[in-house]
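To start, the structure under review is shown below, and the notes come after it.
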Amino acid sequence: MFREKLKTRKHLEALKHEIDLDEHKVSINEVYRRYGTSPAMGLSDERAAVLLERDGPNDLTPMRKIPEIVRLAKNMFGGFAILLWIGAFLCFTAHFLEFYTLDDLQYDNVWIALASVIIITGFFSYYQQAKSSKIMESFKYLQACVVRHGRSRNINPEKIVIGDILEIRRGDRIPADIRIIRAHGLKVDNSSLTGESEPQARGIEYTNDDPLETRNLAFFGTFAVEGSCIGVVIRTGDKTFIGRIANLTAGIERGNTPIAIEINHFIRIITIIAIVVGLLFCICSLFLGYTYIEAVVFLISIIVAQVPEGLLATVTVCLTLTAQRMARKNCLVKNLEAIETLGSTTVICADKTGTLTQNQMTVAHFWFDNHIIASDIDAFQSQSNYLKFSHCWNALGRCAMLCNTAIFKDDSLNLSKPIVHRQCEGDASEIAILKCMEAITGNVALFRSKNPKICEVQFASSNRYQLSIHSTGDHDERYLLVMKGAPEKILKNCSTIYVDGCEIEFNTYWKKQYEKAFNELSNLGERVLAFADYRLPLNKYPRDYQFDCDTINFHVNPYYENFNFPTTGLRFLGLISLIDPPRVNVAEAVRKCRSAGIRLLMVTGDHPLTAAAIARATGIITDHNSTDVLLKNAYDNNARSCVIHGNTLKTMNKQQLDNLIKYHQEIVFARTSPQQKLIIVETCQRLGEIVAVTGDGVNDAPALKKADIGIAMGITGSDVSKQASDIILLDDNFASIITGIEEGRLIFDNLKKSICYTLSSKIPELAPFLFYMIFQIPLPLGTIAILCIDLGTDMLPAISLAYERAESDIMKRPPRDAKREHLATDRLISMSYGQLGMIQAGGGFFVYTVVMAENGFLPSRLFGLRKSWDSRSINDLEDSYGQEWTYYQRKALEDTCHTAFFVTVVIVQWTVLLCCKSRRNSLFRQGMANQVLNMSIVFETVLAILISYTPYINRGLMMYPLKLHWWFLPLPFTLLVLIYDEWRKWMIRKFPGSIIDQETSY
Amino acid sequence: MIADAVYDSKRKEFLGRDSTRWGKLAIFYFFFYFGLAGFFSTLVFVFMRLVPLDRPRYHGDASCMQARGKPLAPGLGFRPQIDAVDNTISVEKNQIDRYVKSLHQYLLVYYWKYDIDRFNQTKKFTISDPGDCTPQNQYGFASGKPCILVKINKIIGFEPKPGYMPEDEEAYQNAGCRPNPNAISIHCTGESAADTANIQNITYISENGHDKNCGSLDTKWFPYQGKIDRQDVYQAPYIWVQFNDVKPNVPIKVICRIYAENINYNKLGYRALTQFELIIKN
């Protein structure tokens, strides 16, 4: 176990550092030589076929799947099934023992019944599991363009082999790891790989030893968001970078889910009880002078009576129903048991981008005329009046529209959508500005066409600005230079500032004003862009002037002195700040999480400022101190909130990490790497927390897998993260998690009720047998009738409890303590066996007494009668009234008693079911709104009637029609259950902590 | 590990509870079960007050004796039956006492009821000429010709009609019964042909005399009317079946059955018959 962890850790470290790649270092010709390809001709079809044969398809092997047969076998032989198999085997043996020794074949069919029960429930559980795991459809992508035999053609990406020459265009998903041969303004979105949300520029230069950092490699699974390129494939399939993470993820083992632990715990208890009781009475029976065969038969009967055969199927159905309900609320559950895990979650490690935020940059604020104006696209109409009269705004808006390469996708359907939902092409920030401008001015495209672009310099991380030169449509002959970029960069190039329609000197005062605004905005976690423009003098730059910017290669020589136009002395226009805003209902969800006692940790790759700002906006951090203070809180155990930078995290040892998570309520992890995510999850788990992790990138996959429950994003999530997760949020909305938690908690409560209900019929099933053995009365309840209860009448009511609504606001109490609060507690068993079960058994024996007496056997006659009763040799057994009964006559009477006992259990279970609806509340408060439950009462009664009265069916199940008034005999006990339980709950509510509360509230 | 779970010596907890909590639980359950037992007993007590004294609420066709369309038919009983499970009668030198005793006991109880006052008004059954089947003769057991008592089950209100059911005609003819017009017949055979061959010579001793083929029961003894004040006031009629010539040392399975116009015979359903095994050891 430990060694495995160590291996995992080592593996993970290997991820980032030990990639055996040198293709980015060697010359491109060496790469061609190595893979026997050429950029012009590509591979031949024959060679490609050979390589495909050798390396296999370019596809990730799906995660190691448990073979279907093993899963089926698990359902057939796991848990209770094994106990029942033993029972069936013993029955089978007993059947043959009886066959050769006695001619009384009492157990002739029971083993067949048992075996069928196990096989049917086994198949049922298997089917349910298979159904829920099939929901995961594969997300395939379409076509890839390769050069083969000197011609480019589209092929299925699975057919790509090493050495293929690939053509990648904007928007393509890169289908393999490639070394770039030629690139044109290529930017790739590596977010699924590294978590960086910024698109990264890629070209042909070798810039870094680290394959992830170097520019001349692009990786499988990432997206080309801008530009295009041609590259040679260097890795395919599982050997790709993502493939390695996927394999690593598959290697991470994790323990059982809490519900699985609970069910195992429960099965263990029941098994121990069944075996202990069984053996005890088996031994007792030997002392009482029974034969070995009889003792074995007793053992079997006790085991059959004790094992709740239908319970596992009930649990599966309950979970499935919840899964369906959650799917309707956009929570796709891949692993049924995960539902309950969500309910017992104590810590959520939430990814920021895409989960808490919309993953869509939006303009948040403007700064011009020395004012900060909040931007809100929807509310803009009212503000636009003010904006229209401002000269500065006009200049800033013009600059923002022109110095922007983003465009709306040009199809009428897209353009007819509301602006916010339109699809765009370009950088996220530019798109945000484009959308904002479109909302304010109405038609950016028209404005751009009136002010055509003469030339442009694209944004590059080395120069951190972009500029373009336009001829304007406002009858000004001068060309207009517009520039946008990082504020400090733009500031350097400006000499004047435009305020209130006047161009004034950008002096110290204004610089201070600018500084103030900039700090304010960046403290909000917003990305700030500065805008400037400049009218190029007509005399120097006449109308046909040839601007020269394309020839400049920034990567080689990133200095603007090379332009044939000035880029300094510009007029400063203002700032626009952008943010990826939190989703609308996240703050509410966070609040609910908190009141539900769940801690929320934000784990993000983003900058601490941005992370802290979002954390504040969503309520993850409630501390009003500045982020700098929060950053210093990491080692202060008294502080409630803190922000941790990835670099700080790196220096912490285990103990410090434990303290960090133990003592701080509100933590934001910024600039975290995938390994650190995994470390955070492990630390939480070490502290006994049940951790949920949300994530969308490939880099999140190990943490998702390691977490007790991994939650992936359905829209933005990568395949690998989806595969590693247990639950997929189809709408990427964090608020859906809250729904899930609520459902998870509810199902735990309801499963408890369901188990309490199911177990309550165990005593009335066991007691007849014990009386039969000890007091030697004719058997009051047979094995077939027990199976009729467990697998017939009890099933639907037990399931219907899954539909029961919560008793109180389950989101206002802390998550359950996995160590102390169990599904089946001693109190539940005491309550179910010792109280509800005993009352039921009392009812059963009363009805048994009545049926026997009304047919001639008064209670006094019954004691000690067993041996004669069961003997085929005695054909003249005398009853209390002197009548004599043949063997079959009294067996018919006995089976009638079984039927009556069975019916009694059903009728007393009516109110047991009503009692199980709530654990504290009075039934009158809980109400009868659960229609499924009401129907189930009708159903079980109808089923009992059918079993008792339908010809052939009753013969098959050894049941007999009952006299009408026998159906009313259980009613006193039915009422007793109700009255007792209402009293008990009243005591619990009225006297919390009293003996009743201590011993009976489960 | 398991020992720890059972008894935690550090916290003095047995199965997770200390003695105080166990005590409280015991008190709680004491009252709970006391109450439940009281409730149960009250109901049973009330019910028992309502139970009829002389015959069960459901008898005859209304009782569970008649179910699923199977005709109501009395079974037969045999004596001596000294073991509840084993129906073997093993006649062995020096081992016959238990059978003789058992029969003796049975008849003692049977006739002892004559002393009850009410009995005088009801029917008294005796076999005037029991032949060898007397206590003095040790019911023929000593001489290797055992007398087996065969009786018909008492069923309240059931009146057998003389004759035989149509499907039994062939068997009835083969048995060669010639009963009185108002009597029903009992006939014993071996379970298999071989068994039958081993018990050729049988004497049936009925109230009406001795017969080689069949015993007979007069219909005047029927129907059984139940008890009076919970007292037995009725003698079920019986016959003696004496096996005069039994092949020794061979277990012989014997079936005795009854013939009447309204009694359905069914071997699998144990109707209208009784079975026992007979061995005479030298």
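Note on A:Ser27 and A:Ile293: their simple-model spin labels are 9.4 nm apart, each label 7 Å out from Cα toward Cβ. Report note on the peptides A:907-918, A:510-521, B:212-223: ranked by the mean count of other C-beta atoms within 10 Å, highest first, their order is A:907-918, B:212-223, A:510-521. For segment A:690-810, divide the Cα radius of gyration by the Kirkwood radius and give the resulting Rg/Rh value with two decimals. Checking Rg against Rh, the ratio lands at 1.26. Taking the DSSP bridge list for the protein assembly as shown and keeping only pairs wholly inside it, about 80 percent are antiparallel. Segment A:Asp476..A:Arg34, full-extension length gain: 153.2 nm, with 0.36 nm per residue of separation and the alpha-carbon distance subtracted. Note on segment B:71-280: percent of Cα-Cα distances in each 5 Å bin, starting at 0 and stopping at the bin with the largest distance, equals 1, 7, 15, 20, 20, 17, 12, 5, 2, 0. Shown is the FRET efficiency for A:Arg182 and A:Glu158, computed with R0 = 22 Å from the Cβ-Cβ distance and rounded to the nearest 0.05: 0.30.
Computed extension length for A:Arg820-A:Ser416: 139.7 nm, one decimal, from 0.36 nm per residue of separation with the Cα-Cα distance subtracted.
Separation of the alpha carbons by more than 24 angstrom is noted, of A:Lys187/A:Lys706; B:Lys154/B:Lys212; A:Lys867/B:Lys154; A:Lys329/A:Lys352; A:Lys409/A:Lys492; A:Lys239/A:Lys706, for A:Lys187/A:Lys706; B:Lys154/B:Lys212; A:Lys409/A:Lys492. The label-point distance for A:Val50 and B:Glu170, in a model that sets each label 7 Å from Cα toward Cβ, rounds to 9.0 nm.
The protection proxy used here, the mean number of other Cβ atoms lying within 10 Å of each residue, ranks peptides A:539-547, A:678-686, A:210-218 as follows, highest first: A:678-686, A:210-218, A:539-547.
By the beta-carbon count within 10 Å of each Cβ, the least crowded to most crowded order of A:Arg34, A:Arg398, fewest first, is A:Arg34, A:Arg398. Angle of helix B:97-112 to the longest C-alpha principal axis of chain B, folded into 0 to 90 degrees and rounded to 10: 90°.
Per residue of B:59-70, other chain Cβ atoms within 10 Å of the residue Cβ number 6 on average. Charging the Cβ of each Asp and Glu at -1 and of each Lys and Arg at +1, and nothing else, the dipole of segment B:2-50 about its Cα centre rounds to 140 debye. Using a simple spin-label model with pseudo-atoms 7 Å out from Cα toward Cβ, A:Tyr127 and A:Val942 lie 2.1 nm apart.
Relative contact order, percent, of segment A:395-476 when contacts are C-alpha pairs under 8 Å separated by at least 6 residues? Before the final figure, lay out the partial values.
On the way: 91 pairs, mean separation 21.6, N = 82.
Answer for segment A:395-476 is 26 percent.
Expressed in units of 2.2 N^0.38 Å, where N is the residue count, the Cα radius of gyration of segment B:136-223 is 1.19.
Between the alpha-carbon centres of segment A:682-757 and segment B:36-51 there is a gap of 56 Å.
Within 10 Å of each Cβ of B:264-272, how many other protein chain Cβ atoms are there on average?
On the way: counts 0, 0, 2, 0, 1, 4, 10, 5, 2.
Per residue, the average neighbour count from other chains is 3.
Alpha-carbon geometry of chain A: the Rg and the Dmax are 37.3, 135 Å, given in that order.
Using a cutoff of 8 angstrom between alpha carbon atoms and counting only pairs six or more residues apart, the relative contact order for chain B works out to 24 percent.
Given a Förster radius of 56 Å and the C-beta distance between A:Val70 and A:Asn934 as r, what FRET efficiency does 1/(1 + (r/R0)^6) yield to the nearest 0.05?
Details: r = 41 Å, r/R0 = 0.73.
Step by step, r from the Cβ atoms, then E = 0.85.
Helices in chain A that qualify as membrane-span-like (whole DSSP H runs, Cα extent of at least 30 Å along the helix axis, mean Kyte-Doolittle hydropathy of 0.0 or higher) are A:80-101, A:110-134, A:258-287, A:734-760, A:887-916.
Convex hull volume of the Cα atoms of segment A:889-954, normalised per residue: 80 Å³.
Computed log10 I(q)/I(0) for segment B:2-50 at 0.19 Å⁻¹: -0.67, from the Debye equation with unit scatterers placed on every C-alpha and solvent omitted. Counts of other chain beta carbons within 10 angstrom of each beta carbon in peptide B:45-54 average 3.
So if we plug the beta-carbon distance of B:Asn282 and B:Val46 into 1/(1 + (r/R0)^6) with R0 = 60 Å, what FRET efficiency do we get, rounded to 0.05? Mind showing how you got there, number by number?
Details: r = 61 Å, r/R0 = 1.02.
After rounding, the FRET efficiency stands at 0.45.
Simple rule: put +1 on each Lys or Arg Cβ and -1 on each Asp or Glu Cβ in chain A, find the dipole, and look at A:Ala929, A:Tyr35, A:Tyr206; the Cα lying farthest toward the positive end is A:Tyr206. Full extension of the chain between B:Val85 and B:Ala37 gives 13.8 nm of extra length, using 0.36 nm per residue less the Cα-Cα distance.
Return a whole-number percent for the relative contact order of chain A, with Cα pairs under 8 Å and 6 or more residues apart as the contact set.
Numbers: 1848 pairs, mean separation 111.5, N = 1002.
Relative contact order here is 11 percent.
Rule-based calculations on the coordinates, nothing more; no lab input. In this text the structure is predicted, and so the values were computed from the model without any measurement. Glycine gets a Cβ as well: all are built from the backbone with ideal geometry, and neighbour counts include every protein chain shown.
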